[in-house]
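Trainee: What follows is a single structure, and I will ask about it in a moment.
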Amino acid sequence: MFAHHSYDALVVGARCAGAATAMLMARRGLRVLAIDRAGYGTDTISTHALMRGGVLQLHRWGVLPRLQEMGTPAVRETTFHYGDEEFTIAIRPSNGVEALYAPRRTLLDRTLVDAARDAGAAVWHGYTLLDLTRRSDGRVCGATVQDPAGNAFTVKADLVVGADGVASSVARLAGADTVREGRHATAVIFGYFPRIDLTGYHWWYQPGVGAGAIPTNDGRHCIFAAIALGRLRNGPWRDDRTAAFREALRQADPALPTLVAGPRPDGPLCVFAGRKGFLRQAFGPGWALVGDAGYFKDPLTAHGITDALRDAELLANASTTGTTAAFADYAATRDALSMPLFEVSDAIAALDWDLDQIRALHQTLNHAMKREVEHLYTMGDAGPPVMPANSIIIEEEVL
Ligand SMILES: Cc1cc2nc3c(=O)[nH]c(=O)nc-3n(C[C@H](O)[C@H](O)[C@H](O)COP(=O)(O)OP(=O)(O)OC[C@H]3O[C@@H](n4cnc5c(N)ncnc54)[C@H](O)[C@@H]3O)c2cc1C
């Protein structure tokens, strides 16, 4: 395993952002190592509704069939519940997207890791980034990594990619600036329920609360409730997640507690205690950020995985070119596509809207998503390798 300590790119984090980045870089002929301190196929705190852009990319990369084969149900309609009113919208087939999907992260992340390995990337689980290494001029040129036995060793890399989530060590060690911060955050409580009689995605909105039902693998629905962070921390439900979940569902729709009253969830409910969104500097000399490491927004708009996949492709394209201009283009495109989604997610996460306002916010969200899908569609095929091995040229100038 330690025969090669030198790579074109070291990707830290091997979930949706990191594994997708490693896969795409390897398909373009780059020598890539991805590491993750977590285990292969493990779960993470996240619901997992994919939007059109994410499905479009998984389809184009040839990954979607694997998820379908593993029984991920097709989602062909979305129902929005605004108070007593509900609207069902059929998913219109276009750009190779026949339906939406919400694979469990145990499946999605593992499938992307498998695809990265198939493309020639090395992916090591149980390995932790400890530090970045730098040249005398300050440029990042690799990392110190700890193996599962606790031994530290050095990996040389032209580029170190932080795909290591919201608390990114790469961002901290590289000194990435935070260029934008959100103002609001929701707390999310969710669980997996069998025998829920609902078709497609369902999203419920009432002032102060949101909820959702997401069909996923093994005949389960992921049911979630989102409330303002302060209400969970300071409210009467602070120490009782089940009571908080049921009360938030009741506020979203009085019929919802009945929906989940019969079937027992698989295991305890999960709680995400909330975090305000941020946008970090996307790259610097010898390093770049992708996925939540560089850009996080409140999960109530269910768009983080879709954007992580988007940025994986943008960054893989930039890395293949390897010039300062290409990385600058990565940053500019990420920011241009992200900012409308970031702002509207933050506004929705405030949970201070009335029902007319949330409808208007959803219109804004819809426009931002359409723009993103159009951009992704023009990015083209990211399938077979297009460059010979070992052809990366990371420009030497200090970025
Ligand atoms: C409650 C909740 C619900 C959500 N629901 C949705 C949804 O429905 N749809 C959607 O699209 N998005 C959703 N999201 C957002 C989505 O989860 C994230 O956008 C997505 O996980 C980002 O993927 P990532 O690969 O960037 O980071 P992560 O999934 O956080 O992966 C980072 C990886 O880096 C590894 N790592 C960290 N530090 C190190 C280190 N030092 N060394 C080695 N490895 C390291 C970790 O082990 C981890 O595996 C939700 C988020 C939350 C919190």
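Trainee: Given the options ASP137, ASP131, name the one that is within 16 Å of the ligand (Cβ to nearest atom), outside any helix (DSSP H, G or I) and more than 21 Å from the chain's Cα centre (by Cα). Show your work before the answer.
Mentor: Details: ASP137 fails: within 16 Å of the ligand (Cβ to nearest atom).
Matching residue, one of ASP137, ASP131: ASP131.
Trainee: How many residues are surrounded by 13 or more Cβ atoms within 10 Å (Cβ to Cβ) and either in contact with a strand residue (DSSP E or B) (Cβ under 6 Å, 6 or more places away or on another chain) or closer than 13 Å to ALA225 by Cα (or both) when one looks only at segment 171-184?
Mentor: So the count comes out to 6.
Trainee: Would you mind listing the helices (runs of 4 or more DSSP H) fully within segment 206-304 where at least 1 residues are open to solvent by less than 20 Å² (accessible area, probe 1.4 Å)? Break it down into steps so the answer makes sense when it comes.
Mentor: Values: elements: 229-234, 241-252, 256-259.
By residue number, 241-252, 256-259.
A quick yes/no check of all residues on (1) more than 15 Å from the ligand (Cβ to nearest atom); (2) under 21 Å from HIS48 (Cα atoms):
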| site | (1), (2) |
| --- | --- |
| GLY262 | yes, no |
| ASP266 | yes, yes |
| PHE272 | no, yes |
| ARG275 | no, yes |
| PHE327 | yes, no |
| LEU337 | no, yes |
| ALA350 | yes, no |
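Trainee: Can you name every residue in segment 31-48 that is open to solvent by 10 Å² or more (accessible area, probe 1.4 Å) and either within 12 Å of the ligand (Cβ to nearest atom) or closer than 13 Å to ALA20 by Cβ (or both)?
Mentor: First, the residues of segment 31-48 that are open to solvent by 10 Å² or more (accessible area, probe 1.4 Å): 31, 36-47.
Listed by number, the residues that qualify are ASP36, ARG37, ALA38, GLY39, TYR40, GLY41, THR42, ASP43, THR44, ILE45, SER46, THR47.
Trainee: Would you pick out the residues in segment 128-159 that are in contact with a Lys or Arg (Cβ under 7 Å, 6 or more places away or on another chain) and open to solvent by less than 20 Å² (accessible area, probe 1.4 Å)?
Mentor: Of the residues in segment 128-159, the ones in contact with a Lys or Arg (Cβ under 7 Å, 6 or more places away or on another chain) are 128, 140-142.
Residues satisfying the conditions are VAL140, GLY142.
Trainee: Condition first: hydroxyl-bearing (Ser, Thr, Tyr) and either within 9 Å of the ligand (Cβ to nearest atom) or open to solvent by less than 10 Å² (accessible area, probe 1.4 Å) (or both). Can you find one or more residues in segment 13-30 that meet it?
Mentor: In the first step, residues of segment 13-30 are kept if they are hydroxyl-bearing (Ser, Thr, Tyr); the result is 21.
Checking which are either within 9 Å of the ligand (Cβ to nearest atom) or open to solvent by less than 10 Å² (accessible area, probe 1.4 Å) (or both) leaves us with 21.
Yes, segment 13-30 contains at least one residue that is hydroxyl-bearing (Ser, Thr, Tyr) and either within 9 Å of the ligand (Cβ to nearest atom) or open to solvent by less than 10 Å² (accessible area, probe 1.4 Å) (or both).
Trainee: Could I ask something else about it? Are any residues in segment 108-123 over 15 Å from ALA26 (Cα atoms) and open to solvent by less than 40 Å² (accessible area, probe 1.4 Å), and if so, which ones?
Mentor: Step one: list which residues in segment 108-123 are over 15 Å from ALA26 (Cα atoms), which gives 108-111.
Passing the criteria: LEU108, ASP109, THR111.
Trainee: Next question. Go through the residues of segment 113-126 one by one and say whether even a single one is without any contact (Cβ under 8 Å) to a residue 24 or more places away in the chain, more than 25 Å from LEU376 (Cα to Cα) and out of contact with any Phe, Trp or Tyr (no Cβ under 7 Å at 6 or more places or on another chain).
Mentor: no
Trainee: One residue is enough: does segment 73-89 have a residue meeting the conditions within 22 Å of the chain's Cα centre (by Cα), under 30 Å from GLY175 (Cα atoms), open to solvent by less than 30 Å² (accessible area, probe 1.4 Å) and of a type in the set (Ser, Thr, Tyr)?
Mentor: No, there is no match, as no residue in segment 73-89 is within 22 Å of the chain's Cα centre (by Cα), under 30 Å from GLY175 (Cα atoms), open to solvent by less than 30 Å² (accessible area, probe 1.4 Å) and of a type in the set (Ser, Thr, Tyr).
The values are calculated or read from the model by the stated rules, or taken from the named source; none is laboratory data. It should be emphasised that the depicted structure is a prediction, and the values quoted were computed from it without experimental measurement. As a convention, Cβ positions derive from the backbone with ideal geometry for all residues, glycine included, and neighbour counts pool all protein chains shown. For accessibility, only protein heavy atoms count, side chains too; no ligands or nucleic acids. Shrake-Rupley method; radii C 1.70, N 1.55, O 1.52, S 1.80 Å.
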